[in-house]
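To start, the structure itself, in structure tokens.
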Amino acid sequence: MTISQTRNVGLPLMKLVRWKGVPILQQLHLEEQLLRTSSENWCIINDGTNDPTIVMGISGKPAQLLKLDSVLNDRIPVIRRYTGGGTVVVDCGTVFVTFICNKDAVPGLQPYPQPIMSWSSLLYALVFRGFGDFSLRENDYVFGNHKFGGNAQSITKNRWIHHTSFLWDYEARNMAYLKLPARAPEYRVARDHLEFICRMKDYMPRSVFVDRTIKAVETYFSVRPVQLEAMETNLNSKFSHSTKLLTEQELEAAAFESHFEKGDSRFVNVINESALSGQEK
């Protein structure tokens, strides 16, 4: 028995899945199914997703959160996920870390949003020790007053999930798809996206982050690596996911409604012209 194995004796089991470039929609579908149908603890680390994608929280409204003309013009996929939280643009520069746990997996942890958030910050404090001025601020992970990690959660009767999108790197042009949200953390003080966020790569290497995250998880769990293929074999293919990829028609309708509510003359003229065209027929 190794020293690591000896240290982990008596800790609850957590299955670890390491991916690279798995599409974020596939990841969210698997997470949701594990949350609702599995009775095991899981940690999922997905190192990037290939195509730029916008992911909104379960109650997110595209017209309020996105610059839809640009999103539609550039054909950027938009997903509404099964958890709460804000809106993010993810791509190959994003590292995703997810914890799916039974409510009694961490001794003394109350299965409510703020205690889970606080516990996660303790875990990541181990990861970022010696790298930047890390803290949890209003549900965000920050270095100083610059956000690099956005969190979302879902809590069921017996289980909870806490997942994070880490901005190891990002394309500045992708941030232009996002509007300034109506509800923003106080520490943001109306800064635009590029002034509000920072890149993790300026603080630590990507591989070091992943390795130190796994080491930190081992302080709370006995970690057992699992392959993606083994997971999928045990999952029910008929599970109904609440995470959805929004259709182009849904985004167009949201864009149309947004312009109409603002009284955009171009869209009002389109309505009038369409109505006249219908009368002529």
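The values are calculated or read from the model by the stated rules, or taken from the named source; none is laboratory data. Given the structure is predicted, the values throughout are model-derived calculations rather than measurements. In this analysis, Cβ positions are derived from the backbone assuming ideal geometry, glycine residues included, and neighbour counts consider all displayed protein chains. Ligands, DNA and RNA are excluded from the accessible area calculation, which covers all protein heavy atoms including side chains. Shrake-Rupley method; radii C 1.70, N 1.55, O 1.52, S 1.80 Å.
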Study note, to complete from the structure: Under the 7 Å Cα-to-Cβ spin-label approximation, residue 59 and residue 257 lie apart by a distance in nanometres of 1.6
Practice item. Select one label from (i) 39, 24, 22; (ii) 38, 22, 16; (iii) 38, 18, 18: the one whose number is semi-axes √(5λ) of the Cα gyration tensor in Å as derived from the coordinates shown. Key: (ii)
Practice item. Quick one: check the C-alpha center-to-center distance for segment 52-75 versus segment 89-104, whole angstrom. Key: 20
**Study point:** Integer Hz, Karplus 6.51/-1.76/1.60 couplings in order for segment 43-55, x for Gly and Pro
**Key:** 10, 10, 10, 10, 8, x, 10, 5, 9, x, 9, 9, 10
Revision key, fill the gap. Summing -39500 (n - 2.57) over every DSSP H run of at least 4 residues in the chain and dividing by its residue count gives a helix-only mean residue ellipticity at 222 nm, to the nearest 500 deg cm²/dmol, of -10000 deg cm²/dmol
Check your understanding: Dipole size in debye (nearest 20) for the chain around its Cα centre, Lys and Arg Cβ +1, Asp and Glu Cβ -1?
Key -> 840
Exercise for review: Distance check, please: which entries in 15/179; 67/147; 20/244; 15/67 exceed 30 angstrom between their Cα atoms?
Suggested key: 15/179; 15/67
Review point. Rounded to the nearest 20 Debye, what is the dipole magnitude of segment 146-190 about its Cα centre when Lys and Arg each give +1 and Asp and Glu each give -1 at the C-beta?
Key: 240
Exercise for review: Mind listing the long-range amide H neighbours of residue 67? Cut-off is under 5 Å, sequence gap 5 or more, other chains count too, H placed in the peptide plane at 1.01 Å from N.
Suggested key: 178, 179
Practice item. Using a 1.4 angstrom probe on the protein heavy atoms only, line up 201, 238 by accessible area, largest first. Key: 238, 201
Exercise for review: May I ask for the Kirkwood hydrodynamic radius of segment 33-132, worked out over all distinct Cα pairs and given in angstroms to one decimal?
Suggested key: 16.0
Review point. Hey, what's the Cα Rg ratio for segment 116-208 versus the globular rule of thumb, 2.2 N^0.38 Å?
Key: 1.13
Review point. Whose amide H sits under 5 Å from the amide H of residue 140, counting only residues 5 or more places off or on another chain, with H placed in the peptide plane?
Key: none
Check your understanding: Under unit Cβ charges (Lys, Arg +1; Asp, Glu -1), what dipole magnitude, rounded to 20 debye, does segment 1-158 have relative to its Cα centre?
Key -> 240
**Study point:** Between 0 and 90°, nearest 10: helix 265-280 axis offset from the chain longest Cα axis
**Key:** 60
Revision key, fill the gap. Under 5 Å from the placed amide H of residue 152, counting only residues 5+ away or on other chains, we find 163
Study note, to complete from the structure: Once all protein chains are kept in place, residue 135 shows an accessible area at probe 1.4 Å, nearest 10 Å², of 40
Revision key, fill the gap. Heavy-atom accessible area with a 1.4 angstrom probe orders 92, 198, most exposed first, as 92, 198
Exercise for review: Using only Cα atoms, find the angle between the long axis of helix 248-261 and the longest principal axis of the chain, and express it within 0 to 90 degrees, rounded to the nearest 10.
Suggested key: 60
Review point. Using 0.36 nm per residue, how much length does the chain from residue 129 to residue 70 gain when fully extended, once their Cα-Cα distance is taken away?
Key: 17.3 nm
Exercise for review: Measure off 7 Å from each Cα along the Cα-to-Cβ vector at residue 18 and residue 204, then give the distance between these two points in nanometres to one decimal.
Suggested key: 1.6
**Study point:** Accessible surface, the chain, averaged per residue in Å² (probe 1.4 Å)
**Key:** 52
Check your understanding: Nearest 10 degrees, 0 to 90: what angle lies between the long axis of helix 113-127 and the longest principal axis of the chain (Cα atoms)?
Key -> 60
Review point. Using a Förster distance of 22 Å, how high is the FRET efficiency between residue 109 and residue 239, based on the Cβ-Cβ distance and rounded to 0.05?
Key: 0.20
